[in-house]
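Read the structure below first, then the notes.
The values are calculated or read from the model by the stated rules, or taken from the named source; none is laboratory data. Here the structure is a predicted model, which is why all the values come from computation and not from measurement. Don't worry about glycine lacking a Cβ; one is built from the backbone with ideal geometry, like all the others, and counts go over all protein chains shown. Side chains included, ligands, DNA and RNA excluded: accessible areas come from the protein's heavy atoms. Shrake-Rupley method; radii C 1.70, N 1.55, O 1.52, S 1.80 Å.
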Amino acid sequence: MAIESQGILIRRQSTTAGSTAQTVAATMAFSAVSTNITRSDIGSFVADGFSTGMRLETDSTANSTRVFTVASVAATVITVFETIVAQSSGISITLTGHAMLPIATITGFKGPSGSASVIDITSLQSTAKEKAIGLRDEGQMTLDIIFDTNATSLHAAIRNDRSSRTKRIFDIVLTDQSTSGQPSAFYFDGYVTNFALQGAVDDVVKASATIEISSAVRAIAKT
């Protein structure tokens, strides 16, 4: 089934106070049945700053390649939308949450545009060219923007990311949302390497931005 472009969100991590939450504990357990992350120590997920809608990353050995979306938060339980791989408590685990904010007035985007280098491993004993594939390079994402000076647009924020050479987290939220779950998404780190303004007669001021991706692009499945 085709996915409609209208309504797609491209978001950058929030940098306002309280927008990042983190806890480290050996008492966290991951439940595949209830899609819950629970803790049995005296700490509190709420007091640590976790909130509904955050993207969660963890160094849990069973879930370190996954990104979760918070459905609800209580003091000792975080429920997520996505599938969890079961893991018992007993080892130190870090859980980090990021609030994400949409970049406003995007009119088009392109990317991620991943590729990998081809390594020639042909030897004198080869009977044909032999090749290996190098590390994957997730490439770039480019954004076409109607420029806005309001802080909530995040246009100034991504301009500052470029000038400060600061790595940020981004996600792309698609429009295939079910009635009770979450839509598909892609989640990655990146640097803003270009932010260019342009204008013309009888037109609004526009901008283009380039995000150089500096991590794996992790797919978040629709639920």
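Look through Gln22, Gln6 and report the one residue that is touching a Ser or Thr at 6+ places or on another chain (Cβ under 6 Å), in contact (Cβ under 8 Å) with a residue 60 or more places away in the chain and loosely packed, with under 14 Cβ neighbours inside 10 Å. Before the answer, list the steps.
Numbers: Gln6 fails: touching a Ser or Thr at 6+ places or on another chain (Cβ under 6 Å).
Within the list Gln22, Gln6, the selection yields Gln22.
Evaluation of Thr223 against the conditions (1) surrounded by 20 or more Cβ atoms within 10 Å (Cβ to Cβ); (2) among the β-branched types (Val, Ile, Thr); (3) touching an Asp or Glu at 6+ places or on another chain (Cβ under 7 Å) shows that the sole unmet condition is (1).
Just one of the numbered conditions (1) over 19 Å from the mean Cα position of the chain (by Cα); (2) more than 18 Å from Gln13 (Cα to Cα) is not true of Asp137; which one? Against the list (1) over 19 Å from the mean Cα position of the chain (by Cα); (2) more than 18 Å from Gln13 (Cα to Cα), Asp137 comes up short only on (1).
What do you reckon, is Thr210 free of Cβ contacts under 8 Å to residues at least 40 places away in the same chain and either open to solvent by 60 Å² or more (accessible area, probe 1.4 Å) or assigned to a strand (DSSP E or B) (or both)?
Values: free of Cβ contacts under 8 Å to residues at least 40 places away in the same chain: no; either open to solvent by 60 Å² or more (accessible area, probe 1.4 Å) or assigned to a strand (DSSP E or B) (or both): yes.
No, not satisfied.
Here Asp202 clears all of (1) open to solvent by 70 Å² or more (accessible area, probe 1.4 Å); (2) of a type outside the set (S, T, N, Q); (3) outside any strand (DSSP E or B); (4) touching a residue at least 60 places away in the same chain (Cβ under 8 Å) except the condition numbered (4).
Every residue in the range 39-52 that is of a type in the set (D, E, K, R) and either closer than 24 Å to Arg11 by Cα or surrounded by 13 or more Cβ atoms within 10 Å (Cβ to Cβ) (or both), please. Full working, then the answer.
Residues of the range 39-52 that are of a type in the set (D, E, K, R), as a first pass: 39, 41, 48.
Arg39, Asp48, listed by residue number.
Scanning the range 140-149 for residues being closer than 20 Å to Arg168 by Cα and out of contact with any helix residue (DSSP H, G or I) (no Cβ under 8 Å at 6 or more places or on another chain) gives a total of 5.
For the range 102-139, filtering for residues that are aliphatic (A, V, I, L, M) and in contact with a helix residue (DSSP H, G or I) (Cβ under 8 Å, 6 or more places away or on another chain) leaves 2.
Among the residues of the range 128-173, those identified as open to solvent by less than 60 Å² (accessible area, probe 1.4 Å), over 18 Å from Ala219 (Cα atoms), not in a strand (DSSP E or B) and not hydrophobic (A, V, I, L, M, F, W, C) are Asp148, Ser153, His155, Asp161, Thr166.
Search the range 53-70 for residues being open to solvent by 40 Å² or more (accessible area, probe 1.4 Å) and of a type outside the set (Val, Ile, Thr), and hand back the single one that is nearest to Thr35 (Cα to Cα).
Going residue by residue through the range 53-70, those that are open to solvent by 40 Å² or more (accessible area, probe 1.4 Å) are 57, 59, 61, 64-66.
Those still in the list that are of a type outside the set (Val, Ile, Thr) too: 57, 59, 64, 66.
Working: Glu57: 14, Asp59: 17, Ser64: 15, Arg66: 13 Å.
Among those residues, the one meeting the criterion is Arg66.
Going by the conditions given, is Asp148 charged (D, E, K, R) and more than 20 Å from the chain's Cα centre (by Cα)? So Asp148 passes the test. Applying the set (1) in contact with a strand residue (DSSP E or B) (Cβ under 7 Å, 6 or more places away or on another chain); (2) more than 14 Å from Arg218 (Cα to Cα); (3) touching a residue at least 24 places away in the same chain (Cβ under 8 Å); (4) open to solvent by 30 Å² or more (accessible area, probe 1.4 Å) to Asp189 leaves exactly one unmet item: (2).
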